[in-house]
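Visitor: First, the structure itself, so that you have it in front of you.
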Amino acid sequence: MNVLGKLSHAVASLRKLELHSQISASVRRASMEVRRLTSMSYSFLESYPLQIYYSALMQLPKKSVIAKRFRKDWNWEVTCEITEDWERCEGVLKLEDRQVDSIVFSNDGRTVAACTGSEIRILGVEELKDLSVLRPRGGLSCIALSSDGRSVAAGFRAGGIQVWDVETKNEKAQDIRKEWISCIIFVCEDQEVTYGSSKSICRRSIKSNERLADIRPVSKEMPQSFSSDGKKILLKGKDHIYILNAETGDKISTLELPGSQMRCAAFAGDGQKVASGLDDGTIRIFNVQSRIEEARLLGHMGAVTSIAFSGDNKRIVSSSFDGTVRIWSVLDRKEMKLVGHTAVVMSVAYSNDSLRVASGSVDGTVRIWSVEPGLEERQSSVDQYRVTALALSGDEQRLFYASRDRRIRIRNVDSGQEERALLIGRDHVHTVAISNDGKHVATAARGKLLEIYNLAYSIYVPVVTMKGHEDFILSVIFSPDDQKVASGSHDRTIRICDRKPGKEEKKLEGHGNSVWSVVFSADGSKLVSGSSDNMIRIWDLEMETTVVTLRGHTGPVLSIAFSSDGQKVVSGSHDKTTRIWNVETGEVQQQETHKGSVWSVAFSSNNSKVVSGCSDTTIHVWDLEGGKVTILGGHIAAVLSVTFSSDQQQVVSGSHDTTVRLWDLKTGKEMRRMDGHTDSVQFVTFQGDESVLSASYDGTYRRWDVQTSKQQTEMVGLVNWVKSIDVSSDDRLLAVGMNDSTVRILDVETGDEEILQGHALT
């Protein structure tokens, strides 16, 4: 086919073969591999003679059935990196660093049109190259591609529309009205276009360039999208979605979004459902006729920028400010995350056969993704958020954690049942600390306000609010006697507040960059802080001064811990070292070099050992008395959390590889491996001697039996934006960080809530 100049036809034929219902799975797999290899090597195959086609096989993944057939016959060694299996991203088209604002598939799925604001690029999906470039007269706001891919239509920010022939680039129709056109679609077998602005809905003949309709809708909101047949139009209200008849302008339905800001919305192909993407990262699916919300999809960590249904209406694709593309199952709310873009993803589109997705990003690329059924998915629902921190009560019977829905949740560890969900604040919690007596919680957000709550009441009003930080609070912790709360912030300061009078007690200044971690000494007289300025400071809280500055790290300090006797500090850094410091002299007593950043450090209970977890997948255990360092290897991704058992004979670890592992320090070998999490495990701790608790980005907490490695309990968490959590010794206090810039402390017994004065908005 290449000799005949029809390589693109060969790829299209292979795609048809894949979709044929009568072929076997092995033939379908082989057809897919040949098509992917051809697309991946398209320009290479077009440019070189047949004799060297064989070398293209080097690019095949290790698990490729074709590679297994031919690789055994190779008489050369391949030293380049070869992937294990086919990646979901079939190809990347670079558009000269131009931001891609909008993207659409042709009906046959062989081309996509990408809008860069000033250009329209028609791109070949199989060839992965430009087929045509159109440069319109003004700034583009929206585009549409005809079903046969031969015509493209565009709306302009300054007003008006244009329609072109893709091959000849000749203009076929236009409208020069001065109204921002926000959506456009081909209708009537590509013979007409319908387009909408905040003032009108118009329909125009492409052949005669005659305006066929000019409807003034009952609502003046900005249109978002048309149904696939062009008969319905969706408008964006402040906290509503309005659905109108595009032919008459009459209102069909109103969908309520109380307290939410919608960014994008789309109809299902049959027009019976609407999906809306919101500023808070959620996606809501509504039934148009009943107006009932049928599903809520949670997973994006930033505002949803674009959304589209698959051709069979069974899936939704979405993009976000978090740089990801996600595929959702409408029925069971399973999620597939596609990662590759390096900046905000502005637009996504589904092919009609539901097997491909195209995405356009601020990074100047268009990516084509293969999303065939059967790819790995994970559950996502209204009851799940990413877990980033966890605290265990002093009696090891309760878990305290914060949620993106502005609630503090308390669960019984043995039963897994939620004991209480406390609604607090006006924004998302991102930092939580529990007092040592367990009566109060202190909260802070990605902002400047710290509040303290009493955990006994069912209605929570802060008993102390601290205002004063000028940027996000990153860490909060209670003093050993629970009378003070310390907080570290992006504003480079540390604040120490007395929660009883509710006034700022101390402001500690000296760090030259963000303060990521703060820890009290056991007697409460000192505080140690780690910062992005590469330094560690030890503060005398009575004198309110730095008594020792620990210099030596050449990268941000990611984790710190105080020994229980207050004589040593251990730190882990992005500079790939773990260091043990003498508190009195400020000197490094011991140093261990890793091959990656050190994410977690901890002392054993008797201060005789230190453990560190590293991004190089290893765990280092130091015997501080004998000087021996034991390296534990087994994880296949970064180790995010490590801690000792009470007898210092075991270490438990959590990793990006989704596993929890238990290690025997006598033998230096892995004792148990606990599988079950479906995303990174960022928190682990022992519960007594019989159980291990773990928290993961998959939105669950799990408890494991140490002897059998079997899961005893699974608890669905509602956690997001949580950086740290600290429970008081008698389980009465909880400290929480909020997105509304507060740190709050709650009293479990009395219900009193404190908002510590010391963190003010600027």
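Visitor: Out of Leu399, Leu390, Leu338, report the one residue that is among the aliphatic types (A, V, I, L, M) and either surrounded by fewer than 24 Cβ atoms within 10 Å (Cβ to Cβ) or modelled with pLDDT of 90 or more (or both).
Guide: Result: Leu338 is the single residue among Leu399, Leu390, Leu338 that is among the aliphatic types (A, V, I, L, M) and either surrounded by fewer than 24 Cβ atoms within 10 Å (Cβ to Cβ) or modelled with pLDDT of 90 or more (or both).
Visitor: Quick check on the range 115-129: of everything there that is modelled with pLDDT under 85 and aliphatic (A, V, I, L, M), which residue is most open to solvent (accessible area, probe 1.4 Å)?
Guide: Leu128
Visitor: While we're on this one: Do you know which of the residues in the range 255-292 that are among the small types (Gly, Ala, Ser) and either in a loop (DSSP other than H, G, I, E, B) or without any contact (Cβ under 8 Å) to a residue 24 or more places away in the chain (or both) is surrounded by the fewest Cβ atoms within 10 Å (Cβ to Cβ)?
Guide: The extreme case among them is Gly259.
Visitor: Filter the range 345-384 down to the residues that are at pLDDT below 85, part of a loop (DSSP other than H, G, I, E, B) and not small (Gly, Ala, Ser) and list them by number.
Guide: If the condition is that a residue be at pLDDT below 85, part of a loop (DSSP other than H, G, I, E, B) and not small (Gly, Ala, Ser), then Asp353, Leu355, Asp363, Val371, Glu372, Pro373, Leu375, Glu376, Glu377, Val382, Asp383, Gln384 are the ones that fit.
Visitor: Continuing with this model, one more query. Please enumerate the residues belonging to the range 630-658 that are surrounded by fewer than 20 Cβ atoms within 10 Å (Cβ to Cβ), more than 17 Å from Ser605 (Cα to Cα) and modelled with pLDDT of 90 or more.
Guide: Within the range 630-658, Thr630, Ile631, Gly633 qualify.
Visitor: Starting from the range 200-223, keep only residues that are within 21 Å of Trp164 (Cα to Cα) and without any contact (Cβ under 8 Å) to a residue 60 or more places away in the chain, then list their pairs with residues that are open to solvent by less than 60 Å² (accessible area, probe 1.4 Å) and not in a strand (DSSP E or B) whose Cβ atoms are within a distance under 7 Å, requiring at least 6 positions of separation or different chains.
Guide: Taking only residues 6 or more apart or on different chains, the pairs are Ile201/Pro217; Ile201/Ala246; Ile201/Gly249.
Visitor: Here is a list of conditions, (1) among the polar types (S, T, N, Q); (2) assigned to a strand (DSSP E or B); (3) surrounded by 15 or more Cβ atoms within 10 Å (Cβ to Cβ), and Ser228 meets all of them except one; can you say which number that is?
Guide: It fails just one condition, (2).
Visitor: Something else: In the range 215-225, which residues are open to solvent by less than 30 Å² (accessible area, probe 1.4 Å) and either at pLDDT 85 or above or part of a strand (DSSP E or B) (or both)?
Guide: Within the range 215-225, Pro223, Ser225 meet the criteria.
Visitor: Within the range 164-174, how many residues turn out to be touching a Gly at 6+ places or on another chain (Cβ under 8 Å) and assigned to a strand (DSSP E or B)?
Guide: Total meeting the criteria: 1.
Visitor: Determine, yes or no, whether Leu212 is part of a strand (DSSP E or B) and surrounded by 15 or more Cβ atoms within 10 Å (Cβ to Cβ).
Guide: no
Visitor: Among the residues of the range 610-637, which ones are part of a strand (DSSP E or B), out of contact with any His (no Cβ under 9 Å at 6 or more places or on another chain), within 22 Å of Ile560 (Cβ to Cβ) and without any contact (Cβ under 8 Å) to a residue 40 or more places away in the chain?
Guide: Correct list: Asp623 only.
Visitor: Here's a check for you: in the range 130-146, which residue that is over 23 Å from Tyr350 (Cα atoms) and in contact (Cβ under 8 Å) with a residue 24 or more places away in the chain is least open to solvent (accessible area, probe 1.4 Å)?
Guide: Pro136
Visitor: Also: Residue under question is Arg537, and the condition is that it be without any contact (Cβ under 8 Å) to a residue 40 or more places away in the chain and under 20 Å from Ser615 (Cβ atoms); does it hold?
Guide: No, not satisfied.
Visitor: Follow-up question, since we're still on this one. Note down all Cβ pairs under 7 Å where the first residue falls in the range 553-579 and is farther than 18 Å from Asp616 by Cβ, the second is of a type in the set (Asp, Glu), and they're at least six residues apart or on different chains.
Guide: Once the first residue is farther than 18 Å from Asp616 by Cβ and sits in the range 553-579, its partners that are of a type in the set (Asp, Glu) give Gly566/Asp523.
Visitor: From Ser517, Ser529, which residue is modelled with pLDDT of 90 or more and either over 15 Å from Ile496 (Cβ atoms) or open to solvent by less than 30 Å² (accessible area, probe 1.4 Å) (or both)?
Guide: Selected residue: Ser529, the only one of Ser517, Ser529 that is modelled with pLDDT of 90 or more and either over 15 Å from Ile496 (Cβ atoms) or open to solvent by less than 30 Å² (accessible area, probe 1.4 Å) (or both).
Visitor: Quick one: would you say Val112 is open to solvent by less than 10 Å² (accessible area, probe 1.4 Å) and at pLDDT 85 or above?
Guide: yes
Visitor: Any chance you could count how many residues in the range 293-335 are aromatic (Phe, Trp, Tyr) and open to solvent by less than 30 Å² (accessible area, probe 1.4 Å)?
Guide: Going through the range 293-335 one residue at a time, the tally reaches 2.
Visitor: Across the range 532-590, which residue is surrounded by the most Cβ atoms within 10 Å (Cβ to Cβ) among those that are among the aliphatic types (A, V, I, L, M) and under 32 Å from the mean Cα position of the chain (by Cα)?
Guide: Looking at residues that are among the aliphatic types (A, V, I, L, M) and under 32 Å from the mean Cα position of the chain (by Cα), I get Val557.
The values are calculated or read from the model by the stated rules, or taken from the named source; none is laboratory data. Bear in mind the structure is a predicted one, so any value in this text is a computation, not a measurement. Positions of Cβ are backbone-derived with ideal geometry, glycine not excepted, and every protein chain shown enters the neighbour counts. All accessible areas refer to the heavy atoms of the entire protein, side chains included, with ligands and DNA or RNA removed. Shrake-Rupley method; radii C 1.70, N 1.55, O 1.52, S 1.80 Å.
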